[in-house]
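Okay, structure first, notes after.
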Amino acid sequence: MKKFGMFRGYIRLIIFAAGLLIGIQVPNFTDQYHKRVDAHLTEAKFNISGFKKTANKYFKGNVADLIKYYEASSDPVFQADAKSVKSIYFRVKMLLKELVALNQTWYSKAYHVFCHSNEAIFNETLAQYSYTVPLNQIAIAWGIGFGFFMSLLIELFLMGLWNITQLFFNRRFNKVI
């Protein structure tokens, strides 16, 4: 019986250590996601910059009016460009919203990345993610918190399973006797 208790203790340590290592990755992943959003925004702003200059010159800086002008044109080249400009314009707006969401508290940032992020950028970040073990306060807090949460959750699950098993066997043996 003592050996089982020692084994159970080691299992708890392994679960806690796994949770710690997973939790430490949360701030690093959100940071890499944030950097990727920023890089995409820089590129999108560069792509729209020429159209922005045209909008500044002819439409008081309103790119949406430039797009409407292109769409209303009878020239098929302008109409085709309207789709491209519109796509870039909405991408810049979406990326700016992402940056606003990412410039919040550390827990809001994590919640946004894992629950409301841009799916394509999230998958891109996940595919290119480089695992590290940062030693800063936020990473350590995430690691300890996640490790504790995983340990507690699994412990509660196993205790519940044990209690259900005991209840089942006690009822079964009481009927036999």
Taking first residues from segment 46-73 that are under 10 Å from VAL85 (Cα atoms) and second residues anywhere that are outside any helix (DSSP H, G or I), the pairs with Cβ under 7 Å that are 6 or more apart or on different chains are LEU66/PHE59
Scanning segment 118-164 for residues that are surrounded by 10 or more Cβ atoms within 10 Å (Cβ to Cβ), under 15 Å from the mean Cα position of the chain (by Cα) and under 24 Å from ALA17 (Cα atoms) gives LEU126, TYR129, TRP142
Of (1) modelled with pLDDT under 95; (2) surrounded by fewer than 12 Cβ atoms within 10 Å (Cβ to Cβ); (3) under 22 Å from GLU119 (Cα atoms), THR42 satisfies every one except (1)
All-but-one check, VAL113 against (1) within 20 Å of PRO27 (Cβ to Cβ); (2) surrounded by fewer than 10 Cβ atoms within 10 Å (Cβ to Cβ); (3) of a type in the set (A, V, I, L, M, F, W, C), failing number (2)
Just one listed residue, out of VAL77, VAL92, is touching a Lys or Arg at 6+ places or on another chain (Cβ under 7 Å) and either more than 22 Å from LYS45 (Cβ to Cβ) or touching a residue at least 40 places away in the same chain (Cβ under 8 Å) (or both), and it is VAL92
The condition from (1) over 24 Å from ALA17 (Cα atoms); (2) at pLDDT 85 or above that LEU167 misses is numbered (2)
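The values are calculated or read from the model by the stated rules, or taken from the named source; none is laboratory data. Being a predicted model, the structure only gives us computed values, none of them experimental. Ideal geometry is used to build each Cβ from the backbone, glycine not excepted, and the neighbour counts take in all protein chains shown.
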